[in-house]
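Trainee: Got a structure here, written out as structure tokens. Questions coming.
The values are calculated or read from the model by the stated rules, or taken from the named source; none is laboratory data. Bear in mind that the values here come from a model prediction, so they are computed numbers and not experimental data. Glycine also receives a Cβ, built like all others from the backbone with ideal geometry; neighbour counts cover every protein chain displayed. These accessible areas exclude ligands, DNA and RNA; they are computed on the full protein's heavy atoms, side chains included. Shrake-Rupley method; radii C 1.70, N 1.55, O 1.52, S 1.80 Å.
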Amino acid sequence: MRRIVMINWISIDGFFAGPNGEIDWILRDPEVDKALHEPGDDQSGSAGSDTMLLGNTTYTMFENSWPQIAQDPNAPEELHKLADEVIGMTKIVFSRTRPAVTWENSRLLRGDLIEQVRGLKQLGGTPIIIFGSGTLVQPLSNAGLIDEYLIAMTPVVLGKGKPLFQDVNKMNLRLREARPFKSGNVLLRYVKN
């Protein structure tokens, strides 16, 4: 069975985006970006993933930014590498309102999110990752379908914004890793109990 790994940046007060969806508060750090894509000590994580799940908002943001980053000669090497990975991945977009997806390697799915993701997990292969996409994280967490949570906590208090775990049922998780970085960011790796 395929695993699902959620990767998200959050503020100290638990927001994954500002009130208007902004993410300009994230303290970017190439070392954290690299660590988010390395396997953990137990070979968990997103390393080798070839598929990601996205909500409509995150898909639009990614489609408008990653191809530009890939072509930017001034972007750091780690960011180029990540851009190439994202572009090459199969991007499964869940949206009831989007008429179509046109970015390469993208598929649009409608219907019951939980049942479709359960079906995807039944297929063999590498871990499926979720970047951002709080509208997917919340119901998939409640359904017990996310196996691992990689959270990069950035040293910012937003005060208000979009909470990552809004309306999520209580979950007991096991900490697999807590790694601080000189930038002040902390990588937290949790797995289901």
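Trainee: For the chain, what is the accessible area per residue in Å², given a 1.4 Å probe and the full set of protein chains?
Mentor: Counting only protein heavy atoms, the per-residue value for the chain is 50 Å².
Trainee: Also: Mind giving me the FRET efficiency for Trp103 and Asp167? R0 is 30 Å, r the Cβ-Cβ distance, nearest 0.05 is fine.
Mentor: E between Trp103 and Asp167, to the nearest 0.05, is 0.55.
Trainee: Among the listed pairs Lys91/Lys162; Lys121/Lys160; Lys91/Lys170; Lys81/Lys162; Lys91/Lys182; Lys81/Lys182, which have their C-alpha atoms separated by more than 27 angstrom in this model?
Mentor: Pairs exceeding 27 Å: Lys121/Lys160; Lys91/Lys170; Lys81/Lys162; Lys91/Lys182.
Trainee: Three principal axis extents, largest first, for the C-alpha atoms of the stretch 50-137, in Å?
Mentor: 42, 29, 21
Trainee: On a 1.4 Å probe surface of the protein chains, which of Val186, Val117 comes out largest in accessible area, and what is the full order?
Mentor: Numbers: Val186 45, Val117 0 Å².
Of Val186, Val117, the descending order of accessible area is Val186, Val117.
Trainee: Over 28 Å apart: what share of the alpha carbon pairs of the chain falls there, rounded to a whole percent?
Mentor: 20 percent
Trainee: Most fluctuating residue of Phe62, Phe181, Phe165 in a GNM of the chain with Cα springs under 10 Å: which is it?
Mentor: Result for the chain, Cα springs under 10 Å: Phe181 fluctuates most.
Trainee: How much accessible surface does Thr60 have with a 1.4 Å probe, in Å² rounded to 10?
Mentor: 50 Å²
Trainee: If Asp33, Asp112, Asp13 are ordered by their accessible area, calculated over protein heavy atoms with a 1.4 Å probe, which sequence runs from highest to lowest?
Mentor: Descending order: Asp112, Asp13, Asp33.
Trainee: Relative to the compact-globule scaling 2.2 N^0.38 Å, provide the ratio for the alpha-carbon radius of gyration of the stretch 1-103.
Mentor: 1.13
Trainee: Counting other Cβ atoms within 10 Å of each Cβ, which GluC sites (Glu not before Pro) in the stretch 68-107 have at most 12 and sit in a DSSP loop?
Mentor: Filter output for the stretch 68-107: Glu104.
Trainee: Here is a further query. Which FRET efficiency value, to the nearest 0.05, do you get for Asn64 and Trp25 by plugging their Cβ-Cβ distance into 1/(1 + (r/R0)^6) with R0 = 22 Å?
Mentor: 0.70
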